């Protein structure tokens, strides 16, 4: 059986990647919740594309997502087995929910508590 080891450098890269991906989700939510985008979503496809593509939070969120979920995560996968790295993605679900609560003022619920516990146990 292969020994499961991970360096501090790779572990740090994993945490940075997961954190940036969580920040991306909150940033995308901020953009998609803006009044201009919400108004655009009531129109046709051209109005939707215009409203979404002209929102800088959406663009910033996409850039964060590309950095965290693509570039950095590819670096992780180049260093460790996916069976070691992928469980850390679950941390991103928890971070994203916590960021939603503390940065966006979203509600914290018992359902969140149970889903977070179920994910990690």
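Tabulated data for the structure shown
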item	result
Yes/no for residue 53 being at pLDDT 95 or above and over 13 Å from the mean Cα position of the chain (by Cα)	yes
Subset of region 56-73 that is loosely packed, with under 13 Cβ neighbours inside 10 Å and at pLDDT below 95 - its residue that is nearest to residue 9 (Cα to Cα)	71
Pairs with Cβ under 7 Å, 6+ apart, first in region 75-93 and closer than 19 Å to residue 65 by Cβ, second modelled with pLDDT under 90	90/119; 90/120; 93/119
Qualifying residue in region 5-19 (condition: in a loop (DSSP other than H, G, I, E, B) and free of Cβ contacts under 8 Å to residues at least 40 places away in the same chain)	yes
Criterion violated by residue 95 - all others in (1) modelled with pLDDT of 95 or more; (2) within 15 Å of the chain's Cα centre (by Cα); (3) under 17 Å from residue 19 (Cα atoms) satisfied	(1)
Condition check for residue 30: surrounded by fewer than 19 Cβ atoms within 10 Å (Cβ to Cβ), at pLDDT 95 or above and within 20 Å of residue 102 (Cα to Cα)	yes
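The values are calculated or read from the model by the stated rules, or taken from the named source; none is laboratory data. Since this is a predicted model, take the numbers as computed values, not measurements. Using ideal geometry, Cβ is built from the backbone for each residue, glycine included, and neighbour counts are taken over all protein chains shown.
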